[in-house]
Structures are given as structure tokens and as C-alpha cells.
Amino acid sequence: MMDVGSVVNQGLIGMQKSQASMAQSAQQIAQAGTTQRADSPQANSQSQDLSEALVNLKAQSQVFDSSAKVVKAADETIGTLLDVRA
């Protein structure tokens, strides 16, 4: 059986990791196109990198939301347990 406190911790860890990944993706998006000309041979690679950063940003946003829901559910469970004991 999993401890409710560890569930909260895992949710918070998930939120922190996804936030760090979103910050990295946001930085890649902000830097896209600032170092190479659009008609250079490396422009296609940068376009792919930008696409990957955008997809990762969206995916990590969903991971963050899911982790937040885990924390909320654990919080509600703790609240219910406290109500039962009172």
C-alpha cells in the first residue's frame, strides 16, 4: 500500500521535472532562428528542433497538469481521512 505522503511527493517531483523541461523547451523556442539564416543548409535542422521543442512543451504541459491532479487527489484524500478521524 502506498503512503499518501509519498504520492504527494511523487506528484510534486513530476511537476518539478516537467517545469524544468518546459523551461528548456521554451528557451530552445526563443532561440530558434536567431543564429542561422532561413535559407542556410542548417535551417531545416533548426526547423525540426523547433518542432520537437514545441511538441515537448505541449507534452510536458500535460505531464505537469496530470501531476498536479495527483497532488490534488492526494490532498483531498488526506482531507477525507482527517474528516473521518475528527
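Read-outs throughout are calculated quantities, based only on the coordinates presented, and are distinct from any laboratory measurement. In this text the structure is predicted, and so the values were computed from the model without any measurement. As a convention, Cβ positions derive from the backbone with ideal geometry for all residues, glycine included, and neighbour counts pool all protein chains shown.
Arrange the following residues from fewest to most other Cβ atoms within 10 Å of their Cβ: THR80, THR34. Could you put the intermediate results ahead of the total?
Numbers: THR80 10, THR34 7.
Going from sparsest to densest Cβ surroundings: THR34, THR80.
At a Förster radius of 35 Å, what calculated FRET efficiency corresponds to the Cβ-Cβ distance of LYS72 and LEU50, to the nearest 0.05? Numbers along the way, then the final one.
Numbers: r = 33 Å, r/R0 = 0.94.
Taking R0 as 35 Å, the efficiency between LYS72 and LEU50 is 0.60.
Here the extension length gained between ILE29 and LYS58 equals 9.2 nm, from 0.36 nm per residue of separation less the Cα-Cα distance.
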